[in-house]
Amino acid sequence: MEERLQKVLAAAGVASRRKSEELITAGRVTVNGKIVNTLGARVDPDSDEIKVEGRLVVIPHRKYYILLNKPAGYTSTRFDRFAKKTVMELVADMSASLHTVGRLDVDTEGLIILTNDGDLTYKLTHPSHEVGKTYVATVRGVVTDEDLKRLREGVDLEDGVTAPAEAKLLETSADGRRSVVELTIHEGRKRQVRRMLAAVGHKVERLVRTKIDGIEAGDLPVGAWRHLTAEEIKRLKEAAGQN
Ligand code: URA
């Protein structure tokens, strides 16, 4: 529902209504990237992106769904005393209210969702609803058809046999030292992809999550984030059995 911009700013705790009006008329407020300096403007706090002096205004009670392209070297837990860098630093303006949906290892790159929708997180990470997640792994050695078959059918890890997965060889280097494999799994066990590939004899050298339930990075640079589209959110909710 649309509301007056100054009211939205005041409700978000940016400043008093009066001071918010001053910020607007001074041209210090943008809505979806454009300066709005007239007081009559109305915005939709649930979908418009409002910034004051370049800082995102976090709207209380609004649900945020963010797709981050995580670089290697960032920890995906919120609080970790030992972490040098956490993904929260990459979504700085938003970080107060968000948590990650599942985790990526510190050395894994690629897509991770952050949200303040606890219900969706719970459902998406519940074993009965785990959505497909696709990884591209650069591994040592030549991945054979037999290795792919084992990955697809399930490999025996110390915490049990893995569920059926999709596995595809993307390339093998001419000298046979490396292969690149694409793997889609529907589980979320700790270091699962690394352990699956190790179990069939291939140490992972680089791991990138490229898709979450069909959601892709597109042209999102490494280290950057974007809001999920309404369509993507709808799909995820359906996948999680939430409507
Ligand atoms: N599997 C892994 O081994 N690591 C990740 O970060 C994600 C899946």
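The values are calculated or read from the model by the stated rules, or taken from the named source; none is laboratory data. Please read these numbers as outputs of a predicted model, since none were measured by experiment. We place every Cβ from the backbone using ideal geometry, glycine too, and count neighbours over all the protein chains shown. Surface accessibility is based on the protein's heavy atoms, side chains included, excluding ligands, DNA and RNA. Shrake-Rupley method; radii C 1.70, N 1.55, O 1.52, S 1.80 Å.
Pairs of alpha-carbon atoms within less than 8 angstrom and 6+ residues apart define the contacts here; what relative contact order does the range 132-212 have, in percent?
Relative contact order comes out at 47 percent.
Which value in deg cm²/dmol, rounded to the nearest 500, describes the helix-derived mean residue ellipticity at 222 nm for the chain, given -39,500 (n - 2.57) per DSSP H run of n ≥ 4 and division by the residue count?
Calculated mean residue ellipticity at 222 nm is -6000 deg cm²/dmol.
Applying the Karplus parametrisation 6.51 cos²θ - 1.76 cosθ + 1.60 with θ = phi - 60° to the phi angles of the range 35-51, what ³J(HN,Hα) value in whole Hz is obtained for each residue in order, glycine and proline being reported as x?
Each residue's phi maps through the Karplus curve to give 5, 10, 10, 10, 7, x, 4, 10, 9, 9, x, 8, 9, 6, 9, 9, 10 Hz.
When only Cα pairs under 8 Å and 6 or more residues apart are kept, what is the percent relative contact order across the range 3-56?
36 percent
Would you kindly derive the ³J(HN,Hα) couplings of the range 133-149 from the backbone phi angles with the Karplus curve 6.51 cos²θ - 1.76 cosθ + 1.60 (θ = phi - 60°), listing them in order in whole Hz, with x for Gly and Pro?
Each residue's phi maps through the Karplus curve to give 10, 10, 10, 10, 10, 9, 10, 7, x, 9, 7, 8, 4, 5, 4, 4, 4 Hz.
Keeping the other protein chains in place, figure out the carbon and sulfur percent of the accessible area of the chain, with a 1.4 Å probe.
Within the chain, the accessible surface is 49 percent carbon and sulfur.
List every residue whose amide H lies under 5 Å from the amide H of Gly110, counting only residues 5 or more places away in sequence or on a different chain, with H placed 1.01 Å from N in the peptide plane.
Lys70, Arg209
Over the heavy atoms of Asp119, what accessible area does a 1.4 Å probe trace out, to the nearest 10 Å²?
Taking all protein chains as shown, Asp119 has close to 70 Å².
Taking a ≥ b ≥ c as the square roots of the Cα gyration tensor eigenvalues, with a/c under 1.5 meaning rounded and otherwise prolate when a/b beats b/c, else oblate, which class fits the range 3-56?
Note, shape of the range 3-56 comes out rounded.
How much area per residue is accessible in the chain when the probe is 1.4 Å and only protein heavy atoms are counted (Å²)?
That works out to 53 Å² per residue.
At Glu22 and Val142, where each label point lies 7 Å from the Cα along Cα→Cβ, what is the point-to-point distance in nanometres?
7.4 nm
Looking at the calculated P(r) for the chain, what percent of the C-alpha pair distances fall above 31 Å?
35 percent
Under a 5 Å amide H to amide H cut-off, with H placed in plane at 1.01 Å, what residues pair with Asp105 once short-range neighbours are removed?
Here nothing satisfies the definition.
Using a Förster distance of 51 Å, how high is the FRET efficiency between Lys149 and Asn32, based on the Cβ-Cβ distance and rounded to 0.05?
FRET efficiency, Lys149 to Asn32: 0.55.
If you average the C-alpha positions of the range 100-153 and of the range 14-78 separately, how far apart do those two centres end up, in angstrom?
31 Å
Using every pair of alpha-carbon atoms in the range 150-243, split the distances into 10 Å bins beginning at 0 and state the percent of pairs per bin, rounded to integers.
Bins of 10 Å from zero give 13, 37, 33, 15, 1, 0 percent of pairs.
What dipole magnitude, in Debye to the nearest 20, does the range 132-212 give about its Cα centre under +1 on Lys/Arg Cβ and -1 on Asp/Glu Cβ?
Taking the Cα centre of the range 132-212 as origin, the dipole is about 400 debye.
Glu231 versus Asp107, label points 7 Å from Cα toward the beta carbon: distance in nm?
Roughly 3.7 nm, to one decimal.
Using +1 at the C-beta of Lys and Arg and -1 at the C-beta of Asp and Glu, which of Gly102, Ile66, Thr25 has the Cα lying farthest in the positive direction of the dipole of the chain?
Thr25
Quick one: what are the phi-derived ³J(HN,Hα) couplings along the range 95-109, Karplus 6.51/-1.76/1.60 with θ = phi - 60°, whole Hz, x for glycine and proline?
Along the range 95-109, the couplings run 4, 3, 9, 9, 9, 8, 8, x, 9, 10, 4, 4, 8, 8, 9 Hz.
Lys51: which lysines have alpha carbons under 27 Å from its alpha carbon, excluding same-chain residues fewer than 8 sequence positions away?
Straight-line reach from Lys51, under 27 Å: Lys7, Lys19, Lys34, Lys63, Lys70, Lys85, Lys234.
Go through Gln192, Ala12, Ser173 and say which Cα lies farthest out towards the positive end of the charge dipole of the chain; charges sit on Cβ, +1 for Lys and Arg, -1 for Asp and Glu.
My answer, from the dipole projection, is Ala12.
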